[in-house]
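Data first, discussion second: the structure below is written as structure tokens.
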Amino acid sequence: MYEDRARNDRRAAPDNQGTIPFWQMTGTRPATLHRMDTITLTRPDDWHLHLRDGEVLQHVVPWSAERFARAIIMPNLVPPVTTTEAAAAYRERILAARPAGSGFQPLMTLYLTDNTAPTEIERAVASGIIHAVKLYPAGATTNSDSGVTDIERCHDTLEAMAEQGLNLCIHGEVTHADTDIFDREKRFLNEILGPLLERHPRLRVVLEHLTTAEAVDFVRNGPERLGATITPQHLLMNRNHLLAGGIRPHYYCLPILKRERDREALLEAATSGHPRYFLGTDSAPHARGDKESACGCAGIFTAPLAIELYAEAFAEAGALARLEGFASHHGADFYGLPRNTDTITLVRKPREIPALMPYGGQEIVPLRAGDSVDWTLA
Ligand code: DOR
Ligand code: ZN
């Protein structure tokens with residue numbers, strides 16, 4: 001019954017494309033349009049991805065490698081990836097887990113701590129394999145205990161990043177125990193991010209996984225050097241999906257799903273064609289037992305159906321023609337990397353998602369487990 005309701009919920013917003021070709025509705029023609037139910041786009045990149053480590057890599061990496069050319073790899077391992085040396089070794093383990101013949105490129109990040117030295121930034125840039133540094137406010141989310149306790153301790157390092165053009169990716173939530181979990185992103189914008197952008201006028205920043213209308217506006221009104229990623233779950237679901245009619249641990253992520261008006265603002269931003277919003281799945285695998293628990297982990301595993309979910313969201317908005325910019329162009333442009341040259345094709349044909357998938361010696365429940373996604377990768 002819950003499955004049925006979830007299915008109806010997510011399909012509640014009509015796909016209003018009717019029989020009008022979608023480029024006539026949005027005013028822009030996609031790169032290649034075969035028919036309304038097939039779309040070919042430049043191969044996308046995932047600008048925010050958790051792959052974990054060890055034996056689960058073989059079960060996680062292939063899903064992203066099948067869809068994306070590159071991905072920004074989050075450093076919140078245990079222990080966190082705080083040095084260029086550790087990132088290089090982790091990169092090798094990811095490369096080794098790729099399917100034969102895959103050209104998938106992991107773009108590595110460093111985990112910012114109170115003690116990250118400016119010299120580590122020099123090493124990172126010189127390595128050529130590190131593309132960003134990740135700021136987790138200490139205690140904000142999974143494996144963030146070694147994160148930054150006070151941004152005042154990081155200014156020299158942030159200035160080194162600004163000088164060398166290394167992007168700062170931010171988990172944008174305040175962490176005070178007395179701040180309501182639904183207000184943590186909003187408060188971060190004015191209390192931390194605004195002053196940070198002012199203090200470092202050349203620092204390039206990606207505000208990760210936007211979840212509120214306020215964050216959408218903050219980015220839109222922000223400087224050119226401020227970009228943002230948006231996840232598929234925040235485009236497709238609101239907090240009712242998580243909490244109404246039963247608590248669904250597999251819809252729990254951080255920042256937490258917000259109100260319907262926030263989801264609508266995110267969908268409008270993602271489908272607007274604005275170049276500073278781009279794709280970042282935040283696919284965050286956790287073993288089934290760690291999710292279905294009295295104290296379940298935050299994170300939604302979307303890698304096996306990620307670009308398909310975005311296609312659903314863009315179709316809902318009647319904006320499939322804008323998917324390519326969001327998924328394949330804007331992020332590469334922001335990171336100063338070349339756009340990909342090959343393509344993928346999505347067909348509007350439902351694909352069943354298994355109820356469980358292997359995860360090392362354990363099992364994992366992906367989003368839409370036992371249900372389906374509207375699009376299939378050709
Ligand atoms: O839901 C989340 N899961 N949010 C994060 O910020 C971290 C991630 C994880 O690593 O599981
Ligand atoms: Zn994340």
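The values are calculated or read from the model by the stated rules, or taken from the named source; none is laboratory data. The structure presented is a predicted model; accordingly, all values stated were derived computationally and were not measured. Glycine gets a Cβ as well: all are built from the backbone with ideal geometry, and neighbour counts include every protein chain shown. Heavy atoms of the whole protein, side chains included, go into the accessibility calculation; ligands, DNA and RNA do not. Shrake-Rupley method; radii C 1.70, N 1.55, O 1.52, S 1.80 Å.
Summary of computed values
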{"read-out": "Residue 282 vs. criteria open to solvent by 40 Å² or more (accessible area, probe 1.4 Å) and of a type in the set (Asp, Glu)", "value": "no"}
{"read-out": "Conditions (1) open to solvent by less than 10 Å² (accessible area, probe 1.4 Å); (2) within 16 Å of ligand 1 (Cβ to nearest atom); (3) of a type in the set (Phe, Trp, Tyr): number failed by residue 310", "value": "(2)"}
{"read-out": "Among (1) assigned to a helix (DSSP H, G or I); (2) over 26 Å from residue 136 (Cα atoms); (3) open to solvent by 30 Å² or more (accessible area, probe 1.4 Å), the one test that residue 321 misses", "value": "(3)"}
{"read-out": "Test: residue 108 is closer than 21 Å to residue 138 by Cβ, of a type outside the set (Asp, Glu), out of contact with any Gly (no Cβ under 7 Å at 6 or more places or on another chain) and within 16 Å of ligand 2 (Cβ to nearest atom)", "value": "no"}
{"read-out": "Qualifying residue in region 174-194 (condition: closer than 23 Å to residue 139 by Cβ and in a strand (DSSP E or B))", "value": "no"}
{"read-out": "Residue ranges of helices (runs of 4 or more DSSP H) in region 201-306 with at least 2 members acidic (Asp, Glu), at pLDDT 95 or above and farther than 28 Å from residue 77 by Cβ", "value": "213-220, 260-270"}
